[in-house]
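To start, the structure under review is shown below, and the notes come after it.
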Amino acid sequence: MFRKPNRNVRVRRAVSSEEEVEEERNYGRVERPKRAGGRGLTCGTRKRREAAAEDSDEEDAGGADPDPPRTAAPHSALSFTEEKEGNDGSFKIRKPTVSAVVFTAQKKTEDGGERKKPPDKEEDGSSESEDNEPEDVEVSEKEEYSSPASGSPMSSPSHHPAADDIPDGRQIRAARTQRRLARTQGDYISLDVSHERSDSSQSEGDSELDDHEKRIKFAPGVKTIKERMAEEMSSSSGAASDDEEIDNIQNKWEGQQMRKAIRCLQTVDSPPRVKKYVEPKFSTPPVTVEDIRKRLAARIASIEEVHRAHVLESEKYTRDLEDAKNTLGKLETSSGEKSYKFFKEMKVFVENFVDCLNEKIQEISQSEAEMSQILEGHSKDLLKRRQEELQLESNTIQKFAGTGDVNAMEADEETKRRLQDVELRRRRRRQKRDDSGQKDHREGMSSDDELPPEQEREYKQNREDVLFLCKPLFEDVHEDFCQIKNILGKFHEWRERFPETYHNAYISLCIPKLLRPLVRAQLIGWNPLEDSTQLEQMSWYRDLDDFCFSKTDHENMEDDPDHKVLTAVIEKTVIPKVIGLVENVWDPMSSVQTGRLVHFCKTHVLGDEKNASVQGLVTCLVSRLKKSIEDDVFIPLYPKRLLEDRSSAHSTFQERQFWSAVKLFGNILLWDGFLQEEILQELSLDKMLNRYLILVLLNSEPDSELVNKCHKIVECLPQSWFRGLGSGATLTRLGNFSKHLANCVHALHKLNDRKGMEVLVSLLIKIKAQNLAEEVAAQYGMEGHVITA
C-alpha cells in the first residue's frame, strides 16, 4: 500500500568551477518563479529537487566550457503547466534525426547566456557512454520532456504525441537515465504522486519499478497535525511562498500551544470552591428508661416470632425428611424386578380380558335383543287389547244409547264374546280385591293386564328360554375373566401397590367400560317394571360398592375418582336398558309399574342435567306420558237423562273411564321430585285436570260422590307446589277447579249437606285458595272450621 522510498545513490560529479560552486551555494537565495495553484510543501520540495537536477547537468557540461553564460530559467523544472504552450499556443515536439539525438542543456549563468554542447562530439558515442556509464552523465528532468532545438515539452500526462513525433529508443533511454539520476539527488520521499505516465513510458518503465512501487495506494497515509495545517494554509493562500507558508504554520501551531498553556495556568491558579457547612438544627426528645424497655421488648418479640417461624420450618423439613425416607424405603422394598413383573402380568391380563369380551359381546347383545323383543311384544299385546276393547265397548254403548241396557243389546257373536271376556276379568279382579280387604276401590282404578292362560304360559316360557341360553355364556371362561369380584381384585392390587401409576393411568374411567358387558349379561332377565329385585341385591352391585367405598383405603380422601365408578356403571349400563323399557314396555296406566320405575329413578338416577344418560331418560319419560294421555284417556259425555240411573251402562262406563283418568293423573304426579315442576304441572293440570276431569265434575250432580271425586284429585296434588304461595291465591292452573269447589259448596248448602260443605272448604284451604275459603266460610258460618283446617 505504501511506496518504498527511493534509495540515495551517490553519483560522481564532474569538476566544476568555483563560480558554479558559489552559485550552487547561493542557489537557495535565487528567486524562482512560482506556479499558480501550487501544492504548498510538496510543490516546494519538488522545485528544489528539480533545481538540483539542473545544477547537476550544468556541472556535467562545465568540463567543456568552464564559464558559460547563464540565464534564469523561465519556468520551474518538471512543470508542464507553463511549458506545454509555445508561441502559437500549441504543443510541438521536433522529430529527431535517425542517426543521433542531440541533448541540449540550458544552464543558468550570471550574464544570462546559454551554452551548448560541443557539436564535434559524436552522439553515438555519447549515447553509448550514457548507457554504459550512467554515473558520469547527469541529465535533468526538464530535458527528459524537452526537444533539443525548441525546448518545448515532448510529452504530457494528458497528451499523446503524434505518430511522427514519437522519440526513438536513444531519447527514451537518455530520458530514463536522467529521471533515475534526478530521483537519487533528493534525500526525501516525494509526496506528489498525482502525475501520470503515458502508456508507452509506463509499459517500458514497469520493469524498472520494484514491488513497493508497483503497489496501488488504496487510502492516503495518516498525516500529522502540522501536515494537515500546512495543507489547509496552502489551499487558502496558494500564492504565498514555501517559506512563508512554513512560517505561518509554525506561528499558528505555536499560538495554539500558548493558548493551551494559558488555560492550564488559569485552571491551576483559580482557587477551589469550598462549600460552607451548615450544621442542621434539630432537637431530639429525651430518652427514658420506659422507652428503652419498650424497644427492647419489641425487639425480643420480633426475635421470638422469627424463632417460631424457624421452628415451624424446621419441623416441616423434618416431616418432609421422614416422608422421603419412608418413600425411599418403599421403593427399596419394591424392587424394579417385582414391579416390572407385576405390570407385565397386568398387561397380559388386560389383553386377555379384552379378547374374551370381544368374543362374548355378540352373544350378549343377541340375548338382550331377544329378551327385549319378548317384553315389547307382551306390552304391545296388552295395550292393543285394552284399546280395542275400550273402543268396542264405547261403540256398543253409543250404538244402543236408546235402550240403556247393554245385556239386552243385539250384537254379533264376536262382540258378545269379547264383552263377556272383559266382564269376566273384572269380576275376577273385584273378587280378588274383596278377598284382600280393599273396600274403597273404584272401578277403573285397577289395570287390566291379564292375559289368556295360553298367552301367559307362552310369555313365561320364552323368558325362561332366553335366560337358560344365557347361563352357559361364560362357562368356558376362567373365573378371573368373568367374575367381577376377581377382576376388581386385580385393579385393587394395582391401587394398593402402585397408587401413583394407578391414578395416572385413569383406571377409574376404564373400569366402567371394561365391566359393561358383564353387567349387561347379568341384567338380561332384570325388568324393574315387573321384577321386585333391586339393584342393591345383585352381586355385581355389591362387588362394585366394596371396591369403590373400601374402608381400608381411600376413606379419608375427598373427591376420589374411584367413588364414582359405581355411579358411572349405572349411567352407562343400567340407564340405557331402563330407557328401552320405558319407551317400549312401560305402561303409564299401571300404578304398579309406575311406582317401581319411580322408585328406581329416585334411588339410582341423579338429577344431573348435564349428564347425557339422565337427560335421555327424562326426555323418554315425558314423551311416554304425553303419548299415554293422548291414547289411553277417554271420558265420554252423555245426556243427564242417561246418567240419572247410576246402574245404567252409560253411567257405569263414564264412571269407569273417569276413575281410570284419575289413576293416570295420580301416576303422573308420582314423578314429583324427579321431573321438573313445570313439566309436571303442564302434564297433570293442563292436559288432564282442565281438559278431561273438570268436564265430568261440571256435569255431575252435587252429591257425596262428587265430593269424593274432588277429594281424590286434591289428594294427588303434591303439597310442595303450594309452599311459598301468598296473597291468598292458589296456582293459576287451579283457578277453575277452586271456583268449581266454591260453587259445589253453594249447591250442597241447598241440599243441606253440611259435611260435604266442610270437606270442600278444607280442600280450598289445602290448595291455598284462602280467599274463596274465607268467603264461603263467612257466608255459611264456618269460620271455626276454616281456622281448624
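The values are calculated or read from the model by the stated rules, or taken from the named source; none is laboratory data. Everything numeric here is computed off the predicted structure, so don't read it as measured data. Note that we place each Cβ from the backbone using ideal geometry, even for glycine, and neighbour counts take in every protein chain shown. Areas reflect the complete protein model, heavy atoms only, side chains present, ligands, DNA and RNA absent. Shrake-Rupley method; radii C 1.70, N 1.55, O 1.52, S 1.80 Å.
Values as computed for the structure displayed
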{"read-out": "Members of Lys460/Lys709; Lys338/Lys471; Lys663/Lys755 lying beyond 30 Å, as alpha-carbon distances in this model show", "value": "Lys460/Lys709; Lys338/Lys471"}
{"read-out": "Sulfur and carbon atoms: percent of accessible area, segment 650-789 [1.4 Å]", "value": "48"}
{"read-out": "Shape of segment 695-789, Cα gyration tensor, a/c cut at 1.5", "value": "oblate"}
{"read-out": "Where segment 716-759 is the region considered: accessible area per residue in Å², 1.4 Å probe", "value": "54"}
{"read-out": "With all protein chains modelled, accessible area of Ser590 [1.4 Å, Å²]", "value": "10"}
{"read-out": "Carbon + sulfur, % of accessible area of segment 468-520 - ligands and nucleic acids excluded, 1.4 Å", "value": "53"}
{"read-out": "C-alpha center-to-center spacing [segment 724-766, segment 491-517] in angstrom", "value": "62"}
{"read-out": "Protection-proxy order for peptides 631-644, 756-769, each taking the mean of Cβ atoms within 10 Å per residue, highest first", "value": "756-769, 631-644"}
{"read-out": "Protection proxy ranking of 610-618, 449-457 - average other beta-carbon atoms within 10 Å, highest first", "value": "610-618, 449-457"}
{"read-out": "Residue-by-residue Karplus 3J(HN,Hα) for segment 303-309, coefficients 6.51, -1.76, 1.60, Hz, glycine and proline x", "value": "5, 5, 4, 5, 5, 4, 4"}
{"read-out": "In Hz, Karplus ³J(HN,Hα) per residue of segment 447-459 (6.51, -1.76, 1.60; θ = phi - 60°; x = Gly, Pro)", "value": "8, 8, 10, 8, 10, x, x, 5, 5, 5, 5, 5, 4"}
{"read-out": "Bins of 10 Å from zero: percent of alpha-carbon pairs in segment 482-592", "value": "12, 43, 27, 14, 4, 0"}
{"read-out": "Cα shape, segment 419-556, gyration tensor, a/c 1.5 rule", "value": "prolate"}
{"read-out": "Sequence ranges 597-605, 424-432, 650-658, 350-358, ranked by mean other-Cβ count within 10 angstrom, highest first", "value": "650-658, 597-605, 350-358, 424-432"}
{"read-out": "Derived scalar couplings ³J(HN,Hα) [segment 753-768; Karplus, 6.51 cos²θ - 1.76 cosθ + 1.60; whole Hz; x for Gly, Pro]", "value": "9, 5, 5, x, 5, 5, 5, 5, 5, 5, 5, 4, 5, 5, 8, 6"}
{"read-out": "Shape call, segment 441-488: gyration tensor on alpha carbons, a/c limit 1.5", "value": "oblate"}
{"read-out": "At q = 0.17 Å⁻¹, base-10 log of I(q)/I(0) for segment 500-548 (Debye sum, equal scatterers on each alpha carbon)", "value": "-0.62"}
